[in-house]
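Scroll down for the structure; my scribbles are underneath it.
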């Protein structure tokens, strides 16, 4: 659990909405450049992640393990490249090409090492136990611990960073680098604890393994459940309004900084805490909610419906005066079950691995959880890319951060008209689209029980001849 906490601390530097803000308002990349960068980075993810997953599936170490040894060697490179990614050596327009080139190279290096670690970490969830009930409990607590650390640190890091910069008079660029050293490298070193986990399902006969990348990808495209979950998550990435909330607070609140120590990033943290903290209740009671909804698929659909209702209601309530607090309260209540979504997704991924073993005799933890890593990063890239694209379309012009400055009224009338509906309604539209692929997943609890029962019988026979 400590290792998962460390990994999520690292990812909160790159995967949260702060990363987009870092690119536009700290590194001072133009919105159009940020849009292109995010799209190119995620095209790279689309090529890189499945290939790494397939390579992981193709080989086993001498111990018979496929995943655990990777958790020994990846933490340090992940931490180092996280630091290098957040170095802002200049904001001069004349050096834009050099700054962009450096950023792209550092991101590619970070992405490769992070993907290797992430595939191994989450692939382990499918091999910690052959029993689905034990596995679901492990997934529940793994996701809960990881999400708590991700939620807390992705909110607090920008707020504390900004407060320190305001109090000390130092630039946010310098503070970002310092925090990347502390939390990027520090979190990566903590993630090395994941190496202590054990693989309890090992197929050691070479004839049981995939023999080529082509076969790995063929098995990937046979996994209908995996593909539908991936498509649903890509639709979910259209909720780019979540990435615009900091811009809303920075340019639409006339009060500016609060006491000189809290700015837009700090207000965003408070907003996130109020709206998303209740979701941890959903994590704790994920299995109970699963039973009530008769499966994790149905639970995810219920969560998306709650998101639609909450966002539309908050938009109609508005943000003037106390209306903002009323809207936040509505979203907070309807967000209570949303914490179970990450647990449900991981559990369904594990089910898809079992299903493919039942169907083909091959376990595909590597490529399956590479797809999870892929859609996580692609989703964040699409979200960030659409956010910066929308900023360009509504006439946004970045204003450099100055301690104690007030930015209200510095943006265009188009920006002021569109920023609120974009923030509130795009997540509702994304939630509606998210539901559609889920309707085609028909893996019932009865079918799951049949698959688990027959796999147990097969594994018992293989164990007798030494294949497991």
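Structural descriptor for the chain: relative contact order 29 percent, calculated from alpha carbon pairs under 8 angstrom and at least 6 residues apart. Rg ratio for region 141-191: its Cα radius of gyration over 2.2 N^0.38 Å, N being its residue count, equals 1.29. Overall size of the chain from C-alpha positions, given as principal axis extents largest first: 73, 45, 33 Å. The calculated P(r) of region 56-121, using every Cα pair and 5 Å bins from 0, goes 3, 17, 21, 16, 13, 10, 8, 6, 4, 2, 0 in percent.
Its residue count N fixes a reference of 2.2 N^0.38 Å for region 307-353, and the Cα radius of gyration divided by that reference is 1.59. Restricting the calculation to Cα atoms, region 1-60 shows an Rg/Rh of 1.11 when the hydrodynamic-style radius is the Kirkwood one. In the chain, the calculated helix contribution to ellipticity at 222 nm averages -23000 deg cm²/dmol per residue, counting -39,500 (n - 2.57) for every DSSP H run with n ≥ 4.
Counting only the backbone N, which residues of region 340-365 are under 17 Å from the spot 7 Å out from the Cα of residue 134 toward its beta-carbon? Taking a point 7 Å out along Cα→Cβ of residue 134, the residues of region 340-365 whose backbone N falls under 17 Å are 350-351, 354. In percent, rounded to a whole number, the relative contact order of region 279-378 is 33, using alpha-carbon pairs under 8 Å and six or more apart. Once both labels are positioned 7 Å from their Cα atoms along Cα-to-Cβ, the gap between residue 358 and residue 312 label points is 3.7 nm. Take the Cα pairs of region 1-116, get the Kirkwood Rh, then feed it into Stokes-Einstein at 4 °C and 1.567 mPa s and tell me D in µm²/s. D = 82 µm²/s. Using the Cβ-Cβ distance between residue 89 and residue 302 with R0 set to 30 Å, the FRET efficiency from 1/(1 + (r/R0)^6) comes to roughly 0.05. A P(r) calculated from all alpha carbon pairs of region 271-341, with 5 Å bins opening at zero, reads 4, 19, 25, 22, 14, 9, 5, 2, 0 percent. Subtracting the Cα-Cα distance of residue 168 and residue 32 from 0.36 nm times their residue separation leaves 45.8 nm of extension gain.
Every number here is computed from the coordinates shown, using simple stated rules; none is lab data. Just so we're clear, the structure is a prediction, and the values are computed from it rather than from any experiment. Note: ideal-geometry Cβ built from the backbone for every residue, glycine included; neighbour counts use all protein chains shown.
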